[in-house]
Amino acid sequence: SSAKSRWQTVIVGDFPGTYDISGLPEAYNCGGAPVNVDDIYVCAKDPAIDGPAGVLGSAGPVLGAYVSTSSGTKVMPIAGRMEFDTADIQRMMEKGTWGEVRREEWRARERVNVYGVL
C-alpha cells in the first residue's frame, strides 16, 4: 500500500528484534494487529466523531518499548493509532480535497508516532 511505502521511507533505522503487541487493546489494533511487530504498527480508523467541519481526527502513540540507542535507553513508540471523522472524510472526498488532507495528516502523525513521547 502507499501508506506502507511512505512509512518505509520515514523509518530508516531498525530497532533490534521484534516486539510482542498481542496485549494491544482492541480499540487500537484495527481488528487484525500482528502478534509481533518490527518496528511500528499504526492502526487507522474512521469512526463518527462529531459530524462535518468539526474535529478532523486525532493520533498518538499507544504502546512503547525500551530500546537501547547510542545515547542510552529510551522508550520508543512501537504502536500508534489514528482516527479520522467519517463525516469529514466524506465531505472532503466530495470536494476533492481528501487526498491532500490525508497526506498532510499522515505527515503530522508521522511526527507524533515516530517522535512521540509516551
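Does residue 14 fit the bill of being at pLDDT below 85, more than 21 Å from residue 102 (Cβ to Cβ) and open to solvent by less than 60 Å² (accessible area, probe 1.4 Å)? Can you show your working first?
Values: at pLDDT below 85: yes; more than 21 Å from residue 102 (Cβ to Cβ): yes; open to solvent by less than 60 Å² (accessible area, probe 1.4 Å): no.
In short, no.
Of all residues in segment 32-47, those satisfying the criterion of being in a strand (DSSP E or B) and either touching a residue at least 60 places away in the same chain (Cβ under 8 Å) or open to solvent by less than 50 Å² (accessible area, probe 1.4 Å) (or both) are 37, 41, 42, 43.
Which of the residues spanning segment 54-67 are over 17 Å from the mean Cα position of the chain (by Cα), free of Cβ contacts under 8 Å to residues at least 40 places away in the same chain and part of a strand (DSSP E or B)?
66
When 50, 88 are screened for being over 16 Å from residue 17 (Cβ atoms) and crowded, with 20+ Cβ neighbours inside 10 Å, only 88 passes. Of all residues in segment 21-31, at least one satisfies being touching a Pro at 6+ places or on another chain (Cβ under 9 Å) and either assigned to a helix (DSSP H, G or I) or open to solvent by less than 70 Å² (accessible area, probe 1.4 Å) (or both). Of the residues making up segment 61-85, those that are open to solvent by less than 30 Å² (accessible area, probe 1.4 Å), in contact with a helix residue (DSSP H, G or I) (Cβ under 7 Å, 6 or more places away or on another chain) and closer than 20 Å to residue 14 by Cα are 77, 79, 80.
The values are calculated or read from the model by the stated rules, or taken from the named source; none is laboratory data. Computed from a prediction, not measured in an experiment: that's the story for all the values here. Using ideal geometry, Cβ is built from the backbone for each residue, glycine included, and neighbour counts are taken over all protein chains shown. SASA here: full protein model, heavy atoms, side chains in, ligands and nucleic acids out. Shrake-Rupley method; radii C 1.70, N 1.55, O 1.52, S 1.80 Å.
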